[in-house]
């Protein structure tokens, strides 16, 4: 396959892995979800040790916590893929995740997945995942890693302060 065509196919295959994660998580098909990760993967959702996993089997066990939700809906967008050679890629994608409890109350989070994918036996798998939270509604209380913005430039003032000066 031509190198340019190979890259396009790789991009599509990587995006499909990320989308499959969302589908399998919403269905709670944890065995299929674990199959998207390398056997020795590292997954970090939080500083809380209960939200960290080492290995695909550990990840599937950890995600059993998602059974507390009656329904979920994960939406993926803004996928940026940077290749590192032929068989590795760093990927950032945005996630919007809605969760409903058995009592009907809901919780929503907006965040990002920072992933490292590798090709093993002609299949792209997630070797490392770190999730960060950009924001959430009041119903979401899981301590996900916080997204860190750059600080404002020196001397910057909010518009409401500019109007007073």
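Please treat every number below as a calculation from the coordinates, not as lab data. Note that the structure is a prediction, hence the values are computed from the model and not measured. Heads up, the Cβs are rebuilt from the backbone with ideal geometry, glycines too, and the neighbour counts pull from every protein chain shown.
Quick one: in the range 137-160, of everything that is in contact with a strand residue (DSSP E or B) (Cβ under 8 Å, 6 or more places away or on another chain) and surrounded by 11 or more Cβ atoms within 10 Å (Cβ to Cβ), which residue is farthest from residue 107 (Cα to Cα)?
Residue satisfying both the conditions and the ranking: 147.
Regarding the range 27-34, can at least one residue be identified that is touching a strand residue (DSSP E or B) at 6+ places or on another chain (Cβ under 8 Å) and closer than 25 Å to residue 134 by Cα? Break it down stepwise before answering.
First, the residues of the range 27-34 that are touching a strand residue (DSSP E or B) at 6+ places or on another chain (Cβ under 8 Å): none.
No; the residues of the range 27-34 include none that is touching a strand residue (DSSP E or B) at 6+ places or on another chain (Cβ under 8 Å) and closer than 25 Å to residue 134 by Cα.
Check off (1) crowded, with 16+ Cβ neighbours inside 10 Å; (2) within 15 Å of the chain's Cα centre (by Cα); (3) without any contact (Cβ under 8 Å) to a residue 40 or more places away in the chain; (4) part of a strand (DSSP E or B) for residue 107 and give me the number that stays unchecked.
(2)
For the range 110-125, name all the residues that are touching a strand residue (DSSP E or B) at 6+ places or on another chain (Cβ under 9 Å) and either crowded, with 16+ Cβ neighbours inside 10 Å or free of Cβ contacts under 8 Å to residues at least 40 places away in the same chain (or both). Working first, answer last.
First pass over the range 110-125, keeping only residues touching a strand residue (DSSP E or B) at 6+ places or on another chain (Cβ under 9 Å): 110-120, 124-125.
Once the filter is applied, which keeps residues that are touching a strand residue (DSSP E or B) at 6+ places or on another chain (Cβ under 9 Å) and either crowded, with 16+ Cβ neighbours inside 10 Å or free of Cβ contacts under 8 Å to residues at least 40 places away in the same chain (or both), the range 110-125 yields 110, 111, 112, 113, 114, 115, 116, 117, 118, 119, 124, 125.
Scanning for something in a helix (DSSP H, G or I) and closer than 19 Å to residue 130 by Cβ, does the range 64-83 turn up at least one residue? Explain how you work it out, then say what you get.
Going through the range 64-83, the residues in a helix (DSSP H, G or I) turn out to be 64-68.
Next, from what is left, pick out any that are closer than 19 Å to residue 130 by Cβ: 65-66.
Yes, the conditions are met somewhere in the range 64-83.
Looking only at the range 30-40, how many residues end up being part of a strand (DSSP E or B) and over 14 Å from the mean Cα position of the chain (by Cα)? Reasoning before the result, please.
Quick first cut of the range 30-40, residues part of a strand (DSSP E or B) only: 37-40.
Cutting the leftovers down to over 14 Å from the mean Cα position of the chain (by Cα) gives us 38-40.
Residues flagged as part of a strand (DSSP E or B) and over 14 Å from the mean Cα position of the chain (by Cα) within the range 30-40 amount to 3.
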